[in-house]
Amino acid sequence: QVQLVESGGGLVQAGGSLRLSCVASGIAFSEYAMAWYRQAPGNQRDLVAHISRGGTPNLADSVKGRFTISRDNAKNTLFLQMNSLKPEDTAVYYCNAGIYKSRTYLPGNYWGQGTQVTVSP
């Protein structure tokens, strides 16, 4: 059974930091590209960052310079370090296991349950 379990969310003031984790089980973690998405109420789920099997990161323009995505294949864990948080970063954050096609990240069917991040002004 595939499981992606996110943790690390919470309430933080603007300018603060959080570190999200996603632990994978039931999949060959090192064989997948991985990604973080976020979804605010009433909005679609947006891609925030993705990382290749070998650890090459890519970040959405809205979070470049503030967020860092990384992975530890030995521990089947994906991370998202979020610094200089803004109220507009408030959302439920989800991890996903996917693939690349023509250098575009394609989400797979495996999603975590999400972790809430709330940034107060």
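Convert each backbone phi in the range 66-81 into a coupling constant with the Karplus relation 6.51 cos²θ - 1.76 cosθ + 1.60 (shift: θ = phi - 60°), then list the ³J(HN,Hα) values in order as whole Hz, x for Gly and Pro.
So the J values, rounded to whole Hz, are 10, 10, 9, 9, 8, 8, 10, 5, 5, 10, 6, 10, 10, 10, 9, 8.
With all protein chains present, calculate the accessible area of Met82 using a 1.4 Å probe and round the result to the nearest 10 Å².
For Met82, solvent-accessible area is about 0 Å².
Expressed as a whole percentage, what fraction of the accessible surface of the chain belongs to carbon and sulfur atoms when a 1.4 Å probe is rolled over the protein heavy atoms?
47
I need the Debye-formula profile for the chain: one equal scatterer per C-alpha, no solvent, reported as log10 I(q)/I(0) at q = 0.11, 0.17, 0.23 1/Å, two decimals.
-0.32, -0.77, -1.39
Give me the percent of DSSP beta bridges within the chain that run antiparallel, rounded to the nearest 5.
Here the antiparallel bridges make up roughly 90 percent for the chain.
For Asp61, tell me the accessible area in Å² from a 1.4 Å probe, rounded to the nearest 10.
130
The values are calculated or read from the model by the stated rules, or taken from the named source; none is laboratory data. What you are looking at is a predicted structure, and each value in this text was computed from that prediction instead of being measured. Note: areas computed on protein heavy atoms with side chains; ligands, DNA, RNA excluded. Shrake-Rupley method; radii C 1.70, N 1.55, O 1.52, S 1.80 Å.
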